[in-house]
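Chemist: Structure incoming, see below.
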Ligand code: NZQ
Ligand code: ZN
C-alpha cells in the first residue's frame, strides 16, 4: 500500500432546487462579480440558466454571461473568456453545465490569475500554474467529475491536440448538484456519462502496485451501483433516485477517493481517448468504451490478479474451478456485454470511425507526445503498444 494525500475541498450542495442557492454560495466564497459560463442550448432550454440568474440577482451578485462551450471544449473560447472577464473585472467563474463547461471555466480561471502567461502552455506541460481564480459549478450531467477533480481538458482547434492539465488549484469551491437537472439528457449522453464515471474508478483500480482493501471495496461498490443505475436509466430516464446515484458516483469516482493507497492509477484508456477526441471530436465516454475492450485484452495478463478480482467482485463471475485467465477474460466479455446493453460502442467501428494505418500513426504520435513516450500501470504502454491497441480496437 502506498501513502497518499487526499484533498477534496469542494463544498457539495446536493438535491432538488439546489441551483437556487448559487448566488449565496458565490457570496460565501467572496465573489463580487461573476462570469456565468455555459454550453449550447440545453441550459437555456431546461430553465436552469434562468434560475441561476435569479439566484445571483437575489444575492446581489452582478454577472456577465458567455455561452457556446462545445463538447471537447476549445482553446479559442477560453481565450475569448479571459479577455471578456478581464474587461468586466470578473472575480468569480461560474460554470453551468457538464465537464466541458467546467473545464473551459477552469482554463479561463487559470488565464485570469496569470494574464501575462499563456494558458495553453499549461496544457502542453511547459509550466505550472501559480494561481487560479475561484470557480464554482452547477452540474447538469453526471459524467466527467470535473466538479470535484483537479483536471481540465481542452482541445486546441488549430492543432487538433486534446490535452489535460491537472492542478489542485482548479478544484471548484462549490458544486451544486440537482439530479433532476439531468433528466433532460438524451439517453446516449446519460450512458456515455455512466461509462466515463466507471472508467475514472477503473483507471485507478487496474494498477500494479499498492492496492488498499478499503479503497477496493469502495471502488467495487461504486462500479456495481453505476452499472445497476445506468440500466435503470436506460429504461426509465426520469427516475430521480437513479439520477442521484450516478450523479454522486460521478463526483466520488474522480475526486481521488477511489485511488487512495494505489500507485496513482493507469489512465492509459483516457490517454488513448484524448488522441481519438483530438482527431475525431466524438463523445468522451463512448470513445472510452470503444477502446477499453481492446486495451483490457492487451494488458490483462500483466495485471491478472486485478482482472480476476474485478471479474468476480464487479462482474459477478463465479469461481467454479476455471483458471485465472478464463475468469479474467469472462469479466472482460461481461463488461463488453454491459456496454452493448446500454447502447455504447465496444470498438472503433461501432463508434463510427475507421482509422487508416496513417491515422493510427497520427494517434500514436499524439499519445506518445502527451505522455512523454509511455503510459500505464496495469501494463506500461510504449508507442508500439499504443498503435497495437488502436489497431485491435478497429
Ligand atoms: O452544450 P449543451 O447544449 O449544454 O449540451 C451538452 C453537450 O452536448 C449536453 N448536456 C449537458 N447537460 C445537459 C445536456 N443536454 C440536456 N440536458 C442536460 N441537462 O451534453 C453534451 C455533453 O456535455 P459535456 O459537458 O461535453 O459532457 P461531459 O460532462 O461528459 O464532459 C466531457 C468533457 O470532459 C472531459 C472530456 O474529455 C470532455 O472534453 N473530461 C474532463 C475531466 C475532468 N475535468 O476531470 C475528466 C474526464 O475524464 C474527461 O476527460
Ligand atoms: Zn473521463
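Chemist: Could you work out the relative contact order of the stretch 28-96, using alpha carbon pairs under 8 angstrom and six or more residues apart, expressed as a whole percent?
Modeler: Computed value for the stretch 28-96: 56 percent relative contact order.
Chemist: Report, to the nearest 10°, how far helix 383-392 tilts away from the longest principal axis of the Cα atoms in the chain, using its own Cα long axis and a range of 0 to 90°.
Modeler: Result, in degrees: 80.
Chemist: If you don't mind, there's one more thing I want to ask. Only bridges with both residues in the chain count here: give the DSSP antiparallel percent, nearest 5.
Modeler: Of those bridges, close to 25 percent are antiparallel.
Chemist: Report, in whole Å, the centroid distance computed from the Cα atoms of the stretch 338-394 and the stretch 304-331.
Modeler: The distance from the Cα centre of the stretch 338-394 to that of the stretch 304-331 comes to 24 Å.
Chemist: A further question on this structure: Is the C-alpha gyration tensor of the stretch 11-181 telling us rounded, prolate or oblate? Criteria: a/c under 1.5 is rounded; beyond that, a/b larger than b/c is prolate, otherwise oblate.
Modeler: prolate
Chemist: Taking every DSSP beta bridge with both residues inside the stretch 11-181, roughly what % is antiparallel (nearest 5)?
Modeler: Restricted to the stretch 11-181, the bridges split so that about 20 percent are antiparallel.
Chemist: How many angstrom lie between the Cα centre of the stretch 123-193 and the Cα centre of the stretch 210-266?
Modeler: Each part reduced to its Cα centre gives a spacing of 17 Å.
Chemist: Quick one: helix 304-313 against the long Cα principal axis of the chain, what's the angle to the nearest 10°, folded into 0 to 90?
Modeler: 70
Chemist: Please find the FRET efficiency linking residue 130 to residue 281, where r is the Cβ-Cβ separation and R0 is fixed at 30 Å, and quote it to the nearest 0.05.
Modeler: 0.45
Chemist: Sorted by packing (mean other beta-carbon atoms within 10 Å per residue), highest first, where do 23-32, 208-217 land?
Modeler: Result, highest mean first: 23-32, 208-217.
Chemist: Do you know the relative contact order of the stretch 11-181, to the nearest whole percent, from alpha carbon pairs under 8 angstrom that are 6+ apart?
Modeler: Over the stretch 11-181, the number comes to 28 percent.
Chemist: Rounded to the nearest 500 deg cm²/dmol, what is the calculated helix-only ellipticity per residue at 222 nm for the chain, with -39500 (n - 2.57) per DSSP H run of length n ≥ 4?
Modeler: -15500 deg cm²/dmol
Chemist: Provide the packing ranking of 87-94, 347-354, i.e. peptides ordered by the mean count of other C-beta atoms within 10 Å per residue, highest first.
Modeler: Per-residue Cβ counts within 10 Å, averaged per peptide and sorted highest first, yield 87-94, 347-354.
Chemist: Among 228-240, 4-16, 256-268, 72-84, how do they line up from the highest to the lowest mean number of other beta-carbon atoms within 10 Å?
Modeler: Output ranking for 228-240, 4-16, 256-268, 72-84: 256-268, 72-84, 228-240, 4-16.
Chemist: Sort 197, 183 so that the residue with the fewest other Cβ atoms within 10 Å of its own Cβ comes first and the one with the most comes last.
Modeler: 183, 197
Chemist: How high is the relative contact order of the chain, in percent, counting Cα pairs under 8 Å that sit 6 or more residues apart?
Modeler: So the answer I get is 16 percent.
Chemist: If one takes the longest principal axis of the Cα atoms in the chain, at what angle in degrees, from 0 to 90 and to the nearest 10, does the Cα axis of helix 187-205 lie?
Modeler: 70
Here, each number is a calculation from the coordinates, and none is a lab measurement. From a predicted model like this one, the values you see are computed outputs, not experimental measurements. Here the Cβ is made from the backbone with ideal geometry for all residues, glycine too, and neighbour counts use every protein chain on show.
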